[in-house]
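A.B. asks: One structure, pasted below without further comment.
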Amino acid sequence: MPGPGPALPPHSPSGGSTVTANRVAATADRFRAAVEKRELAALEELFTPDIRFYSPVKFRPFEGREMVLGLFGVLLRTFEDFRYVGAFDGTSQTSADGAETPSAVLLFRATVDGKEIHGIDLLHVDEDGRIKEFTVMVRPQSAVEHLGKAVYAGLVADGLVPPLPEGQ
């Protein structure tokens, strides 16, 4: 994770609180540690109540802390040999409203059913240092498809989404 840096631009055009690069890096470090230790309670503290999670296999985001925590429970069971291999921080626009927000990118590698996956986690941080928007990007395409099926099965098993009707 890059070291301390200058203050980032205000979170909102209306002149909201300034989120420092230190705070973004600290949030990313806490998130990374929670994922590596597979601690859902620690993740819960990092998410805003209205967090949006953009998946590589679904057009619409998963919304709300409860749903996103359930999704992370499935992801943490599905990924084998998950590890972060790099990090960057700066600013980027959110998907929800296009606002420029402090952000961190965490590069990862993982295995699912013997297939290696490369990806990034893009974290958008609010003025309190909590994650308000989360986007995952994964490659290769075959890994996205495989991961999507595995995660969907876990979401159905946990009762978070209904199963597809017969024949679909």
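The values are calculated or read from the model by the stated rules, or taken from the named source; none is laboratory data. Owing to the predicted nature of the structure, the values given are computational and were not obtained by experimental measurement. Cβ placement follows ideal geometry from the backbone for every residue including glycine, while neighbour counts extend to all protein chains displayed.
A.B. asks: I'd like the full set of residues that are at pLDDT below 90 and touching a helix residue (DSSP H, G or I) at 6+ places or on another chain (Cβ under 6 Å), limited to the stretch 73-112.
C.D. replies: Thr78, Val112
A.B. asks: I've got another one for you. How many residues are more than 16 Å from Arg130 (Cβ to Cβ), modelled with pLDDT of 95 or more and of a type in the set (Gly, Ala, Ser) if we restrict to the stretch 47-72?
C.D. replies: The qualifying residues number 1.
A.B. asks: Across the stretch 89-120, what is the number of residues that are without any contact (Cβ under 8 Å) to a residue 24 or more places away in the chain and acidic (Asp, Glu)?
C.D. replies: Here the count works out to 1.
A.B. asks: Between Leu71, Leu76, which is within 19 Å of Gly154 (Cα to Cα) and surrounded by fewer than 19 Cβ atoms within 10 Å (Cβ to Cβ)?
C.D. replies: After ruling out the rest, the residue left standing is Leu76.
A.B. asks: Quick one: which of Arg23, Arg30 is of a type in the set (Lys, Arg), surrounded by 16 or more Cβ atoms within 10 Å (Cβ to Cβ) and at pLDDT 95 or above?
C.D. replies: Arg30
A.B. asks: Which numbered condition trips up Ala26, out of (1) part of a helix (DSSP H, G or I); (2) of a type in the set (A, V, I, L, M); (3) touching a Leu at 6+ places or on another chain (Cβ under 9 Å); (4) closer than 19 Å to Gly129 by Cα?
C.D. replies: Ala26 satisfies every listed condition except (3).
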